[in-house]
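Asker: Submitted below is the structure of interest, expressed as structure tokens.
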Amino acid sequence: MTFTLRHDKYGLPRVRADRAHRRLADFLETDVQENESLARELLQDLAAVEQKPAESLEVIGNAYVLTMAADGVTISDLYDDSSAPYRTDPDHFRRALTQWLAFITDS
């Protein structure tokens, strides 16, 4: 997945992603936002669940529910149960979140 990271006319960080990864982009914009400490905490939590494959972690955000486990990461719409969840592998999620963190840190 390729992200295009930019600031909108109000100075807010935005992600442009292909349709297949739009849910991940929306999660970064609406739930992580410019919160560097949350991004770092999510990276630490992901590393922790990868060390204990029997465990998972659920985080409820502004618009999405993030579920992290050693075998995958799921982002579900908090308000629309009919919306299909987005699933990806932990490495892909880590790369996207790390890229977002670098962008908001340098902003």
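Each value in this text was obtained by applying a stated rule to the coordinates, not by laboratory testing. Owing to the predicted nature of the structure, the values given are computational and were not obtained by experimental measurement. Methodologically, a virtual Cβ is constructed for each residue, glycine included, from the backbone with ideal geometry; neighbour enumeration extends over all protein chains shown.
Asker: How far is helix 36-51 tilted, in degrees, relative to the longest principal axis of the Cα atoms in the chain, given as a value from 0 to 90 rounded to the nearest 10?
Answerer: 30 degrees
Asker: Once every DSSP H run of n ≥ 4 in the chain is given -39500 (n - 2.57) and the sum is divided by its residues, what mean residue ellipticity at 222 nm do you get, rounded to the nearest 500 deg cm²/dmol?
Answerer: My calculation for the chain gives -11500 deg cm²/dmol from helical runs alone.
Asker: With the contact rule set at Cα under 8 Å and sequence spacing of 6 or more, what percent relative contact order holds for the chain?
Answerer: 20 percent
Asker: Sorted from largest down, what three extents in whole angstroms do the Cα atoms of the chain have along their principal axes?
Answerer: Principal axes ranked by extent give 44, 32, 23 Å for the Cα atoms.
Asker: Same structure again: Stretch residue 92-residue 71 to full length: gain in nm at 0.36 nm per residue minus the Cα-Cα span?
Answerer: 6.4 nm
Asker: A follow-up question, please. Once you put a point 7 Å from the Cα of residue 19 and another 7 Å from the Cα of residue 7, both along the Cβ direction, what distance in nm separates them?
Answerer: 3.2 nm
Asker: I would also like to ask the following. How big is the charge dipole of the chain about its Cα centre, in debye rounded to the nearest 20, if each Lys and Arg gets +1 on its Cβ and each Asp and Glu gets -1 on its Cβ?
Answerer: That gives the chain a dipole magnitude of about 440 debye.
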